[in-house]
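Since the structure comes first, as structure tokens, the remarks are kept for the end.
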Amino acid sequence: MPIHTALCELLNIRYPILQAPIGGLSTPALVAAVSNAGGLGLLSVTWRKPDALRNLLRETRSLTSRPFGVNLVLPFDIEERLDICLDEGVRIVSFFWGDPARFIPRVHTAGGLVLHAVGSASQGRSAVDAGADIVVAQGMEAGGHVCGEVGIMALVPCVVDAVAGTPVVAAGGIADGRGIAAALCLGAAGAMLGTRFVMSREANAHPDYQAAIAAASETGTAYLENLFDRGWRNAPHRALKNSTYRTWMDAGQPNRGARPAEDECIATLADGGKVPRYSSDAPTRQVLMGLAEAMALYAGQGAGLIGDVRPAGEIVSELAAEAEAVLRDRLGYLRQRTPAGK
């Protein structure tokens, strides 16, 4: 049973599998590998310098002839970056964290499609009313920054019902084909995975970060209101319970300004930049010295299902095959047990 849905037709992709943008961990190589394998790669562009962004988009296009998209986080200044993306021919744009209404017409005028992430049915309805073509229902199982407070088992059907006729993508805690199959059974037209692609060879993730995910269990993450918040305050997030988290917990979970070692620099980047403790930045390969493990190790609750680092293209193919097998075998099981004539 091929997992080909209406979302695949809309985005011109083979499988309804989307790679979450994963901030600075996303690379042209990752995005292209996912798209080449039949999914949809998304490049995070919010914090890229404009000149560098143009080069990244051109590099991505040089690596794939398949559709790919970009992601923009609305609380930040995205005006110039959106213009650059559209000027460079990007026609799939995803927005996160806020009201995308004033940007959607700009994307549509350029002939593009808009995805918007929501954390509730009412947010989903508002996104569609504003013109969003696809709604991403993000459950609180998700790694990184989380816009909702509901798990996807309850969230996805509610959003699907609220935006009837608009494709819904399930996101949050999905790490294998079983999760994708479950999302489709809930009414979603596709699934978005982040942590699974952090654990790809093409991701710009520090080796210590990937090792921590590989060692994590399903209880190894925490939902946090304001811990790794230097750079993005009041934005709840989910990350691994690392040494910074444990030290903060042992201190009684003090508020900002009273947390242990707040003035400490815990890492140095290749360009000489310093990373303070509680930074919202995840550790990339550009961390040359210091404690990458003590930085924000964003990961979803599906981390316990991921134990290896693989090429992104292999990940997409394996996810699709497993989802198809689960749907085929489970439906076969049900058919075998349904009385004739029912």
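Where a number appears in this text, it was derived from the coordinates with a stated rule and is not lab data. Keep in mind that what you see is a predicted model, and the values were worked out from it rather than measured. All Cβ positions, even for glycine, are placed from backbone atoms using ideal geometry, and neighbour counts span all protein chains on display.
Quick look at the numbers
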| quantity | calculated |
| --- | --- |
| Cα-based Kirkwood hydrodynamic radius, the range 2-100, one decimal, Å | 13.5 |
| For the range 79-151: rounded, prolate or oblate by the Cα gyration tensor [a/c cutoff 1.5] | prolate |
| Total charge dipole magnitude, the range 207-302, about the Cα centre, Cβ charges on Lys, Arg, Asp, Glu only, Debye to nearest 20 | 120 |
| Under 15 Å, Cβ to Cβ, from Gly39 - net charge with Lys/Arg +1 and Asp/Glu -1 | -3 |
| Cleavage-rule hits (trypsin sites (Lys or Arg not before Pro)) in the range 1-77: DSSP loop, at most 12 neighbouring Cβ within 10 angstrom | none |
| For the chain, the fraction of alpha-carbon pairs in successive 20 Å shells from zero, as % | 32, 58, 9, 0 |
| Qualifying trypsin sites (Lys or Arg not before Pro) for the range 220-256 [loop in DSSP, other Cβ within 10 Å: at most 14] | Arg233, Arg256 |
| Taking the chain and dividing mean pair separation by its residue count, relative contact order in percent (alpha carbons under 8 Å, at least six apart) | 17 |
| Most positive-pole-ward Cα, Ser122, Ala189, Val93, against dipole of the chain from beta carbon charges | Ala189 |
| Simple spin-label estimate for Ala52 and Asp99 in nanometres, 7 Å along Cα-Cβ | 3.2 |
| Long-range HN-HN contacts of Leu42 with modeled amide H, under 5 Å | Gln19, Gly69 |
| GluC sites (Glu not before Pro) within the range 1-95, DSSP loop, no more than 16 other Cβ atoms inside 10 Å | Glu88 |
| For Leu155, net neighbour charge (Lys/Arg +1, Asp/Glu -1) across residues whose Cβ lies under 12 Å away | -3 |
| Scaled radius of gyration (Cα, divided by 2.2 N^0.38 Å) that the range 108-184 gives | 1.06 |
| Fraction of beta bridges assigned by DSSP in the chain that are antiparallel (%, nearest 5) | 35 |
| Dimensions (Å) - the range 207-302, Cα atoms, principal axes, largest first | 33, 32, 22 |
